[in-house]
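Read the structure below first, then the notes.
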Amino acid sequence: MSDAAPQQNSGREIVLVTGLSGSGLSTALAVLEDLGYETIDNLPLFLIDPLLAHEDWQGHPVAIGVDSRTRDFSASSLRSLCARLGLETRCRLLFVDASDEVLLRRFTETRRRHPLADDRPVADGIARDRALLEPLRSAADVVIDTSDLTIHETKRIIAGHFTLATTAGLRVSVVSFSYGRGLPREADLVFDVRFLRNPHYEPELQPLDGRDARVADYVRGDGGFAPFVDHLKSLLGPLLPAYRHEGKAYLTIAFGCTGGRHRSVFLAELIGAWIGDLGLDVTVAHRDAARWRAVPREGGDPLRACA
């Protein structure tokens, strides 16, 4: 900020997020949370110092939403606060903006009440908001106008400015699941591996899961296995850096089969290890591997759920 002293500080990252209602403040805070910041919205100014001084918050990067909705809000107070915090931390002010026309359309489409409009037209609330916040726009470290941006472009820009030095980039979660228990709601990419031969029908493999080498060898022996994995790596190879470039913080890749125990578990382990070798932060989880139970076969015959 223009009135901040030269920063000789601990390097702790603090971002104060402000801007016009309807411009994308909630999106900005969500992106910062994905980047590793502790986030809180609409915190009264007099509570910010006690919050940052609390032992549970010390040392953590923090993003705080402060705008015209905030109790005791004033532009001059927020500027002074950021300048003062900048003496001991790396405090930056992010201002999120949009044109009056775009803001009016957003409020009209969502039928939300503008917080400063009261019983007056939305346009009056926007004008009042802009006049109140103008001193902050001119003093902000980063101004993002979302008028012509998609949500993905907005995320990418915020990530470009505020990614933490400790942020590992795109974090990938690979999960196995049983189709009998439904798709994982968080999944971004889902691959059905039920076309591979099923270890369930081999008595010695049935009680094992896909982390066992004998199950892995059995699945590898399917003629369709190698071509599938080659094509899958060819697909994911360029997608992973593209997702990171677009500002996506998390990606969940899911492998499903009948019972979530054999084939999906093995594929999740295999692809998870491959993604780790690419240098990405990856976790592997098996949602249903421990829930193997009897399910009815079509026609009424009992059949144990199989991976």
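The values are calculated or read from the model by the stated rules, or taken from the named source; none is laboratory data. This is a predicted model, so every value here is computed, not measured. Cβ: placed from backbone, ideal geometry, glycine included. Neighbour counts: every protein chain shown.
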Evaluation of residue 243 against (1) modelled with pLDDT of 95 or more; (2) surrounded by 13 or more Cβ atoms within 10 Å (Cβ to Cβ) (one fails), failing number: (1)
Meets criteria (buried (at least 17 other Cβ atoms within 10 Å of the Cβ) and in contact with an Asp or Glu (Cβ under 7 Å, 6 or more places away or on another chain)) for residue 93: yes
Per-region count, segment 270-279, residues closer than 8 Å to residue 174 by Cβ and not hydrophobic (A, V, I, L, M, F, W, C): 1
Some residue of segment 187-200 being under 24 Å from the mean Cα position of the chain (by Cα) and either acidic (Asp, Glu) or modelled with pLDDT under 95 (or both): yes
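Results for (1) free of Cβ contacts under 8 Å to residues at least 24 places away in the same chain; (2) more than 23 Å from the chain's Cα centre (by Cα), shown as yes or no for each residue.
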position: 95; (1), (2): no, no
position: 121; (1), (2): yes, yes
position: 126; (1), (2): no, yes
position: 144; (1), (2): no, no
position: 157; (1), (2): no, no
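If only one of 64, 40 is buried (at least 18 other Cβ atoms within 10 Å of the Cβ), at pLDDT 90 or above, hydrophobic (A, V, I, L, M, F, W, C) and within 25 Å of the chain's Cα centre (by Cα), which one is it?
Result: 64 is the single residue among 64, 40 that is buried (at least 18 other Cβ atoms within 10 Å of the Cβ), at pLDDT 90 or above, hydrophobic (A, V, I, L, M, F, W, C) and within 25 Å of the chain's Cα centre (by Cα).
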Matching residues, segment 255-290, being in contact (Cβ under 8 Å) with a residue 60 or more places away in the chain, outside any strand (DSSP E or B) and farther than 19 Å from residue 231 by Cβ: 258, 259, 260, 261, 262, 265, 280, 287, 288, 289
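Applying the selection to segment 219-228, what residues are part of a helix (DSSP H, G or I) and farther than 19 Å from residue 286 by Cα? Quick ask: steps written out before the conclusion?
The initial filter retains those residues of segment 219-228 that are part of a helix (DSSP H, G or I), namely 219-220, 225-228.
Within segment 219-228, 220, 225, 226, 227, 228 qualify.
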Tally, over segment 246-264, of residues that are closer than 24 Å to residue 182 by Cα and surrounded by fewer than 19 Cβ atoms within 10 Å (Cβ to Cβ): 2
Selection status of residue 45, at pLDDT below 90, in the same structural domain as residue 137 (by TED's automatic domain parsing) and more than 27 Å from residue 148 (Cβ to Cβ): yes
Selected residue (criterion: farthest from residue 83 (Cα to Cα)) from residues of segment 99-136 that are surrounded by 18 or more Cβ atoms within 10 Å (Cβ to Cβ) and in contact with a strand residue (DSSP E or B) (Cβ under 8 Å, 6 or more places away or on another chain): 133
Some residue of segment 149-159 being among the hydrophobic types (A, V, I, L, M, F, W, C), farther than 16 Å from residue 268 by Cα, part of a helix (DSSP H, G or I) and in contact with a strand residue (DSSP E or B) (Cβ under 8 Å, 6 or more places away or on another chain): yes
Any hit, segment 162-178, residues being of a type in the set (A, V, I, L, M) and in a helix (DSSP H, G or I): no
